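A short worksheet on the structure shown next.
The values are calculated or read from the model by the stated rules, or taken from the named source; none is laboratory data. Owing to the predicted nature of the structure, the values given are computational and were not obtained by experimental measurement. Ideal geometry is used to build each Cβ from the backbone, glycine not excepted, and the neighbour counts take in all protein chains shown.
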Amino acid sequence: MNKREMYESFDGLQEESKKMSDQIEELQNGLTEILEENAELVIENEHLREQLGKYEQPSKRETSKSTKHGLSKSRKNLEKLYGRGYHVCNEWFGKHRENDEPCAFCLDVIYGDR
């Protein structure tokens, strides 16, 4: 293989790598959008079930607004979403937490005094 052929081969590989990198980035962005939409739908679904429960079974409604851990039902739902790896704070609501890193804003929303 002469120098020109080696250069052309290397150039072709470089172009293929760039295309693959672009495809991976596009897939990653699409997956992020899907995860954010899914988090929003989970919250909306839980809210709708809660509303539906008020009309279907008023006798089975909880007598207290707080759960056994001292959190309201809405904060318990936020805690569940946070546990699944999503932000519940105003800043990044619905976005996936990278590597399940803790977020002080989210923890304040869930456990803070308001």
query = Quick check: anything in segment 17-32 at pLDDT below 85 and part of a helix (DSSP H, G or I)?
reply = no
message = I'd like the residue in segment 82-103 that is of a type in the set (Phe, Trp, Tyr) and assigned to a loop (DSSP other than H, G, I, E, B) and, out of all such residues, is surrounded by the most Cβ atoms within 10 Å (Cβ to Cβ).
response = PHE93
query = Say we look at segment 62-81 and pick out the residues that are surrounded by 10 or more Cβ atoms within 10 Å (Cβ to Cβ) and touching an Asp or Glu at 6+ places or on another chain (Cβ under 9 Å); which of these is modelled with the lowest pLDDT?
reply = LEU71
